[in-house]
Amino acid sequence: MTEGNGHVIDPSGEARRALQAVVAERGPAALSNAVIMDGVCRDRLGGLPGEAILIGSAARSDVPALLRDRIGREGTYGAIQSVAATLAQAHTLDPAASLWVVREFARALGLVGSGGTQPTVMERAVPGPGPGSGAGGRADQGDAMPPGGGGPGPERRPGGSRGPSRNALGIAAAAALVAVYLGIAAVAHLSPFPAKTVASVTSQGGSQGNVGSPSPVGSPDPAPDPDPDPDPDPAAPSAYDTLLNMIPSSVQGDNNCTNDGTSDSARVVAECTHLQGLAATTIIYYLFSGTGALNTGFSSFLTSSNFPSSAASCTTNNEFSDFITNCRDTYTSTSPATSGSVAEYVNKDNDPIIVSTDSQQLVMAVLIGTNDADLLAYWQPLQWIDS
């Protein structure tokens with residue numbers, strides 16, 4: 001396919017085969033691991049730097065999780081288009097390029113047909129109707145086209161004109177015969193036009209025909225069902241809405257938090273900035289699908305932040321008395337009742353940072369402040385999360 005600037009993406013199918021191979025070798029979860037996918041791109045796609053960037057961006061946004069979350073509501077092809085638009089916006093990517101990498105991830109996961117390995121021309125979407133048009137372009141030849149897809153019309157003649165087929169002529173003739181029959185049947189009272197039944201009535205001087213009250217021609221229609229189409233169940237809240245329900249109102253403010261897509265195997269990420277009156281100037285929240293994903297995301301984040309592998313303990317006599325640079329530990333709280341992991345370090349601007357997980361709610365928070373003692377005092381009573 002071609003990107004919006006005319007660049008042909010994955011011309012020989014190397015990237016497609018690499019994605020399918022990594023799933024076969026490491027399992028589908030590898031597509032959500034940016035560290036693994038960066039290594040795969042270095043080893044197998046050294047001559048395709050653009051494709052490597054797209055694959056890395058898709059892994060960091062956890063495209064497999066986004067597809068799983070949306071396929072039930074939008075269908076496979078609708079989810080692919082929707083996730084591609086989200087990915088393009090999150091990483092400022094070309095829409096056609098985003099559609100390519102999302103479709104290749106879906107193909108590697110077995111969500112769409114395997115297709116071939118030859119590139120397919122991908123056109124940018126243009127205004128106006130047209131089968132197969134969408135947010136990023138036409139579907140690959142290897143994908144099953146949705147209903148109403150393109151293709152040459154029936155009985156197309158070599159000159160380009162289209163004439164009636166034998167089937168069309170046969171249908172027209174049959175319709176004409178039916179019309180003639182219905183006209184005769186209406187006059188002769190043949191089915192489906194029976195003669196009307198006229199009820200006999202009793203006159204004052206005698207009877208003519210049946211004696212008594214006339215019989216009704218037909219019974220009235222039964223009463224309609226009270227509610228044949230009950231209201232559908234309300235839609236389940238989105239992952240972002242679920243995460244917002246765990247963020248304190250003091251952090252959310254009026255419009256402090258924004259949806260930041262996905263990263264580090266999280267289902268969704270919310271970044272809350274411009275915090276007023278708090279020891280943290282910025283808090284980034286991550287929502288995960290399970291405990292394993294939460295622990296993996298915590299470790300992945302620290303690795304990407306160049307956190308040292310041999311870190312000190314954060315506690316003194318099992319208490320968090322001081323902010324200790326480059327420490328990592330676990331914690332347990334009784335009020336509120338929760339537990340998780342915590343790490344403390346400073347960034348390149350010498351700002352103190354606390355990374356913490358809430359194992360009960362499957363949330364990780366990254367707290368960034370300016371004063372390490374104040375940041376730790378804010379973290380300790382767990383004011384950064386609603387229990």
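The values are calculated or read from the model by the stated rules, or taken from the named source; none is laboratory data. What you see is a predicted model; the values in this text were computed from it and never measured. We place every Cβ from the backbone using ideal geometry, glycine too, and count neighbours over all the protein chains shown. In case anyone asks, the SASA skips ligands and DNA or RNA and just uses the protein heavy atoms, side chains included. Shrake-Rupley method; radii C 1.70, N 1.55, O 1.52, S 1.80 Å.
Tabulated data
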read-out	value
Hits in segment 34-56 - residues which are more than 17 Å from Asp94 (Cα to Cα) and open to solvent by less than 50 Å² (accessible area, probe 1.4 Å)	Ala34, Ile36, Met37, Asp38, Gly39, Val40, Cys41, Leu45
Failed criterion for Tyr77 (all others in (1) free of Cβ contacts under 8 Å to residues at least 60 places away in the same chain; (2) touching a Pro at 6+ places or on another chain (Cβ under 9 Å); (3) open to solvent by 40 Å² or more (accessible area, probe 1.4 Å) hold)	(1)
Subset of segment 25-69 [outside any helix (DSSP H, G or I) and closer than 11 Å to Ala15 by Cα]	Leu45, Gly46, Gly47, Leu48
Those residues of segment 270-292 which are hydrophobic (A, V, I, L, M, F, W, C) and either touching a residue at least 40 places away in the same chain (Cβ under 8 Å) or in a loop (DSSP other than H, G, I, E, B) (or both), in sequence order	Leu275, Leu278, Ala279, Ala280, Ile283, Ile284, Leu287, Phe288
Criterion (open to solvent by 70 Å² or more (accessible area, probe 1.4 Å), within 23 Å of Ala90 (Cβ to Cβ) and of a type outside the set (D, E, K, R)) met by exactly one of Ala59, Ala29, Ala18, Ala24	Ala29
Strands (runs of 3 or more DSSP E) wholly inside segment 300-387 containing at least 1 residues that are in contact with a Phe, Trp or Tyr (Cβ under 6 Å, 6 or more places away or on another chain) and without any contact (Cβ under 8 Å) to a residue 60 or more places away in the chain	337-346, 352-358
Residue list for segment 232-251, filter: farther than 19 Å from Ala365 by Cβ and either polar (S, T, N, Q) or modelled with pLDDT of 85 or more (or both)	Ser238
Residues within segment 260-274 that are modelled with pLDDT of 90 or more, over 14 Å from Gln361 (Cβ atoms) and buried (at least 17 other Cβ atoms within 10 Å of the Cβ), tallied	2
